[in-house]
Amino acid sequence: MVPGQPFPYLTLAASFSALNRMDDSRKAVEDVLRIHPGFSLNNLVMMSPMKNQEDLNRMIYLLRKAGLPD
């Protein structure tokens, strides 16, 4: 993982969520919030390098499922 960067942890959380490994997914979200307190799905939308809206919507769905706040 890259210290201080949320995206590797967000990707991990979404991947675990897609696999229904919810304990692991929630742990990755906890790591994001430890590094960046107050980080939310809204922050993700504003910062995301994703160009494809369908991919971003899927990521949002999986991270919401994992417990990342709106």
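The values are calculated or read from the model by the stated rules, or taken from the named source; none is laboratory data. Remember, it's a predicted structure, so these values are computed and weren't measured experimentally. With ideal geometry, Cβ positions are generated from the backbone for all residues, glycine too; neighbour counts draw on all protein chains shown. These accessible areas exclude ligands, DNA and RNA; they are computed on the full protein's heavy atoms, side chains included. Shrake-Rupley method; radii C 1.70, N 1.55, O 1.52, S 1.80 Å.
Only residues that are in contact (Cβ under 8 Å) with a residue 12 or more places away in the chain and on the phi > 0 side of the Ramachandran plot: list them for region 2-57, please.
Hit for region 2-57 is GLY4, nothing else.
What number goes with the only condition from (1) within 10 Å of the chain's Cα centre (by Cα); (2) open to solvent by 50 Å² or more (accessible area, probe 1.4 Å) that TYR9 does not pass?
Result: TYR9 fails condition (2) only.
Which members of region 20-46 meet the condition of being open to solvent by 70 Å² or more (accessible area, probe 1.4 Å) and under 15 Å from GLY67 (Cα atoms)?
Within region 20-46, ASN20, ARG21, ASP23, ARG26, LYS27, GLU30, ARG34, PRO37, ASN42 qualify.
Working only within region 30-44, note down all residues that are of a type in the set (Val, Ile, Thr) and more than 14 Å from THR11 (Cα to Cα).
ILE35
Restricting attention to region 47-62, does a residue exist that is open to solvent by less than 100 Å² (accessible area, probe 1.4 Å) and either of a type in the set (Asp, Glu) or in contact with a Gly (Cβ under 6 Å, 6 or more places away or on another chain) (or both)?
yes
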